[in-house]
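Presented below is the structure to which this report refers.
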Amino acid sequence: MRTFTLVEARALLPQVKAVARELEHQVDELRQVVADLERMGVNTSRSALDKYNKQVEKEFLESAVRQLAEHLESLGCRLKGIEPILVDFPAVYKGQAILLCWRAGEEQINFWHDRHTGFAGRRPVEELLDDEAIIGYKPMA
């Protein structure tokens, strides 16, 4: 499992944000297709071909969402939520496994949590700045 310093995670964030924007777009499209399929289910005037085409579109979008999630995983991140998009970056602080945490809409990675508390246990990264191994550089005195 890859671990990140805060500097490394923040350097990767522009790429993660681009994937997150595409993921949000695909999820919105998927939500619309699912709504269309539900409407078609009660509308018998729609042809079987129309319904089949919508089903194929739905499957394509589901695949696209999976591929985007897998892309984040290939970068070493963990997609923890879709609405809103939550991404964790595994890290180590003073020998303990932690997760640097980013939520779509946040400008920067400013929070972390341990593996057991999750999003509800987010804390500011400033608490980690006493460990040069996690911040990725030696602070100036």
**Asked** To the nearest 10 degrees, how steeply does helix 6-42 sit against the main Cα axis of the chain, on a 0 to 90 scale?
**Response** 20
**Asked** Tell me, how many Å apart are the Cα centres for segment 85-141 and for segment 1-78?
**Response** 26
**Message:** Give me the percent relative contact order of segment 1-108, please, defined on Cα pairs under 8 angstrom at least 6 residues apart.
**Reply:** 31
**Message:** Quick check: the angle from helix 48-74's long axis to the longest principal axis of the chain, C-alpha only, nearest 10 degrees?
**Reply:** 10
**Message:** Only four residue types carry charge here, +1 at the Cβ of Lys and Arg and -1 at the Cβ of Asp and Glu. Report the dipole size of the chain about the Cα centre in Debye, rounded to the nearest 20.
**Reply:** 180
**Prompt:** Mind listing which trypsin sites (Lys or Arg not before Pro) in segment 1-36 are in a DSSP loop and have 12 or fewer other Cβ atoms within 10 Å?
**Reply:** Arg2
**Prompt:** Using a Förster distance of 35 Å, how high is the FRET efficiency between Asp28 and Lys94, based on the Cβ-Cβ distance and rounded to 0.05?
**Reply:** 0.30
**Request:** Counting helices only, and only those DSSP H runs with n ≥ 4, report the 222 nm mean residue ellipticity of the chain as the sum of -39,500 (n - 2.57) divided by its residues, in deg cm²/dmol to the nearest 500.
**Result:** -17000 deg cm²/dmol
**Prompt:** Contour minus end-to-end for Leu75 and Gln15, with contour as 0.36 nm per residue of separation and end-to-end as the Cα-Cα distance?
**Reply:** 20.7 nm
**Val56-Glu83 pseudo-label distance in nm [points 7 Å out on the Cα-to-Cβ vector]** = 2.7
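No lab work stands behind these numbers, since they all come straight from the coordinates. Predicted model only: the values in this text are computed from it and were never measured. As a convention, Cβ positions derive from the backbone with ideal geometry for all residues, glycine included, and neighbour counts pool all protein chains shown.
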